[in-house]
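Visitor: First the structure, then my questions, so here it is.
Computed from the coordinates by the stated procedures, all read-outs in this text should not be read as laboratory data. Bear in mind that the values here come from a model prediction, so they are computed numbers and not experimental data. Cβ placement follows ideal geometry from the backbone for every residue including glycine, while neighbour counts extend to all protein chains displayed.
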Amino acid sequence: SFVEKGYFMVISKNKVVAIDYTLKNTEGEIIDSSVGQEPLVYIQGIGNLIPGLEEILEGKSVGDTFNAVIPPEKAYGNFDENLVQLIPSKHFAQIPNLEIGMQLQANMGGEVRIVTVTSIEENEVQIDANHPLSGETLNFDVTVKSIRDASQEELDHGHVHGEGGHHH
């Protein structure tokens with residue numbers, strides 16, 4: 001029946017939502033897409049998605065298709081020059097085949113961050129702890145595929161279980 005499928009449900013906090021999406025940058029290049037694969041399944045309102053996308057999804061229904069243009073402030077933040085650092089090469093001695101574009105985990109002030117190697121000189125390596133999409137305005141084409149209530153266990157764990165979700 002329609003009711004079971006969530007046709008009369010709208011996206012709100014603690015709903016499990018499946019979306020098909022295509023993400024493009026401002027030049028129109030596709031950065032990421034779920035089309036032709038499993039939809040992205042997430043829990044609304046708990047920070048699973050970037051804030052700008054959650055805001056626009058709020059109140060939408062199954063079958064809704066829309067385009068969202070999200071500024072950096074509501075996506076991955078503005079580019080922060082302070083997160084670009086030069087590190088002496090000796091700190092990378094244990095990493096074989098270090099190359100530009102490689103992503104590494106770094107402990108920065110007690111917080112583990114993913115950093116990208118942006119240049120390699122003889123004595124120093126430049127790393128960038130900004131998210132690769134920081135400073136970018138993101139263009140999403142989204143179709144809402146399904147909506148259901150999250151289980152208590154999913155809410156406790158902070159992510160979706162089972163179909164399209166995390167498997168423990």
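Visitor: Going Cα to Cα from Lys24, which aspartates and glutamates come in below 18 Å? Please leave out same-chain ones fewer than 8 positions away.
Guide: Asp32, Glu54, Glu73, Glu136, Asp141
Visitor: Starting from the Cα of Lys90, draw a straight line to each of the aspartates and glutamates and keep only those under 19 Å, dropping any in the same chain fewer than 8 residues away.
Guide: Hits, sequence-local ones excluded: Glu99, Glu121, Glu122, Glu124, Asp128.
Visitor: Right, something else. In nanometres, what is the gap between the two model label sites at Val10 and Ile120, each 7 Å from Cα along Cα-to-Cβ?
Guide: 5.3
Visitor: In whole Hz, what ³J(HN,Hα) sequence does segment 15-21 give by Karplus (6.51, -1.76, 1.60; θ = phi - 60°), x for Gly and Pro?
Guide: My calculation for segment 15-21 gives 8, 8, 10, 10, 10, 9, 8 Hz in order.
Visitor: Follow-up. Given the rule -39500 (n - 2.57) for each run of at least 4 DSSP H residues, summed and divided by the residues of the chain, what is its mean residue ellipticity at 222 nm, to the nearest 500 deg cm²/dmol? Mind dumping the intermediate values first?
Guide: Details: 2 runs with 13 residues, N = 168.
So the helix-based figure for the chain works out to -2000 deg cm²/dmol.
Visitor: Beyond 11 Å, how much of the Cα-Cα pair distribution for segment 30-73 remains, as a whole percent? Mind dumping the intermediate values first?
Guide: Details: 705 of 946 pairs.
Everything past 11 Å amounts to 75 percent.
Visitor: Of Ala18, Ser89, Val115, which is farthest on the positive side of the dipole of segment 9-168, counting Cα position, with +1 on Lys and Arg Cβ, -1 on Asp and Glu Cβ, and the Cα centre as origin?
Guide: Ala18
Visitor: Another one. Cut-off under 19 Å on the C-alpha distance; same-chain residues fewer than 8 positions from Lys15 excluded. Which lysines are left, in chain and number order?
Guide: Lys5, Lys60, Lys145
Visitor: Another question about this same structure. Show me, for segment 99-111, the HN-Hα J-couplings you get by feeding each phi into the Karplus relation (A = 6.51, B = -1.76, C = 1.60, θ = phi - 60°), rounded to Hz, glycine and proline as x.
Guide: 9, 4, x, 5, 10, 10, 8, 10, 8, 10, x, x, 10
Visitor: Does a label point 7 Å from the Cα of Asp64, set along Cα-to-beta-carbon, have any residues of segment 9-33 with amide nitrogen under 12 Å, and which are they?
Guide: Output list for this probe position: 9-13.
Visitor: If we count chymotrypsin sites (Phe, Trp or Tyr not before Pro) as exposed when they sit in a DSSP loop and have at most 12 other beta carbons within 10 Å, what is the longest stretch of the chain that avoids them all?
Guide: Details: sites that count: Phe2, Phe8.
The longest such stretch corresponds to 9-168.
Visitor: Taking the structure as given and computing mean projected area of the Cα convex hull in nm², which label from (i) 8.4; (ii) 12.4; (iii) 9.6 fits?
Guide: Of the labelled values, this structure produces (ii).
Visitor: Can you give the charge dipole size of the chain about its Cα centre, rounded to the nearest 20 debye, using +1 on the beta carbon of Lys and Arg and -1 on the beta carbon of Asp and Glu?
Guide: Values: 10 positive and 26 negative charges, 91 e Å.
Taking the Cα centre of the chain as origin, the dipole is about 440 debye.
Visitor: Give the residue list of GluC sites (Glu not before Pro) in segment 17-84 that are DSSP loop and have at most 10 other beta-carbon atoms within 10 angstrom. Can you show the working numbers first?
Guide: Numbers: sites: Glu27, Glu29, Glu54, Glu55, Glu58, Glu73, Glu81; in loops: Glu27, Glu29, Glu58.
The qualifying sites are Glu27, Glu29.
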